[in-house]
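A quick write-up on the structure given underneath.
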Amino acid sequence: MRDLSTTLIYLQAKMRGLGIGFNIYLYIGSYIAFFIGLGLFIRVFSLIKKKTWIEDIPRSKVRSIAMGMVEVYGVAEKYVNTLEAPYSKIECFAYTIVRKQGGVNQGKQKLGVPFYINDRTGKVLVDPWNADIRMYKAEAFYFKETVSTNSGPVYYDCWEYLILPNKTYYVLGNAGKNPHKKKSSKGHEKVMISKGDSNNPFIISSRPEKELVNLLDSGIVIGIVGGLFLIVASLIYIAWFTNML
C-alpha cells in the first residue's frame, strides 16, 4: 500500500512538472475518452439484443414462412432489376459504401433494390433498405476518395460492400405483407422480408449464423472491457486534475 501511495505521489509530481497547459489537453482528452467509453458501453446493449434475436429465432423454410420476425438462408436471385455499384461497376442488388478518415467512420452511403432469397423450397422477396449489411471485409472493394473543400482536399478510405446475384446470404428480418405481390412469383407473393419495426434488427450477411454470433460476442467483450476502462481511467484523471488545481 505504501509503494502504491509513493508511486501516485511520484506520478503527480511528474505530471505537475509537465506544466498546466499539457495537463489541460489531457483533461479535455479525458472527457472525450469518457464519452467514447460511454458510447462503447451503450452499444453493448444493441449487440446483445441482436445476438439474442439471432440465437432465439429458428431458421424458416421459405415455403412455410410466417408473418413476423424470421430467419432464412438461401441464394440471392433477381426480382425485377439490379444496380451497378458506383465504384466497382459490378451488377448487384444493394451496396453500402463505408467512408473512414484516420480510422474514424465518416458516414455510409446505401442503395438497394428488392431481390429474392431462394432456399430450394421456394423464394421470398427481400427489400434491403435499412438493412445491417455484414460481409467479410475481404469481399469489399477498397478505394480512396478525395473531396475538395475550401480548406483543401480531404482524403477518405472507402470500402464498397455488395449483395450479389447467385450468392448465398443469411437474412434476419420482419416478414410482412408484400406490396409488390403482382410481380412476385406464385406461392410466395404475400410475403416480403424488410426492416419492419425500427427497434428490431434487420441483418443481411454473407457470414453464416455461427460466425455472426462469434462476431457479436467479440464486440460485446470489447465494448464492456474497453468502455469500462475508458470511463474509469478518464474519471480518475478528471478527479486527479481537479484536485491538482
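Report yes if some residue within the range 77-85 is surrounded by 12 or more Cβ atoms within 10 Å (Cβ to Cβ), farther than 23 Å from VAL221 by Cβ, of a type in the set (A, V, I, L, M, F, W, C) and at pLDDT 85 or above; otherwise report no. Yes: the range 77-85 contains one or more residues that are surrounded by 12 or more Cβ atoms within 10 Å (Cβ to Cβ), farther than 23 Å from VAL221 by Cβ, of a type in the set (A, V, I, L, M, F, W, C) and at pLDDT 85 or above.
If you go through the range 74-100 and keep only what is among the aromatic types (Phe, Trp, Tyr) and more than 13 Å from TYR161 (Cβ to Cβ), you end up with just TYR79. Among the candidates THR146, THR121, the residue that is among the hydroxyl-bearing types (Ser, Thr, Tyr) and not in a strand (DSSP E or B) is uniquely THR121. Would you please name the residue that is farthest from PRO201 (Cα to Cα), looking only at residues in the range 30-65 that are outside any helix (DSSP H, G or I) and not polar (S, T, N, Q)? The extreme case among them is LYS61. Consider the range 86-101 and keep the residues that are modelled with pLDDT under 90 and among the basic types (Lys, Arg). The one that is surrounded by the fewest Cβ atoms within 10 Å (Cβ to Cβ) is LYS100.
Screening THR52 with (1) out of contact with any Lys or Arg (no Cβ under 6 Å at 6 or more places or on another chain); (2) in contact (Cβ under 8 Å) with a residue 12 or more places away in the chain gives one miss only, at (2). Of the residues LYS167, LYS181, LYS137, the single one that is modelled with pLDDT of 90 or more, at negative phi and surrounded by fewer than 17 Cβ atoms within 10 Å (Cβ to Cβ) is LYS167.
The values are calculated or read from the model by the stated rules, or taken from the named source; none is laboratory data. Remember, it's a predicted structure, so these values are computed and weren't measured experimentally. Positions of Cβ are generated from backbone atoms using ideal geometry, with glycine treated the same way; all protein chains shown enter the neighbour counts.
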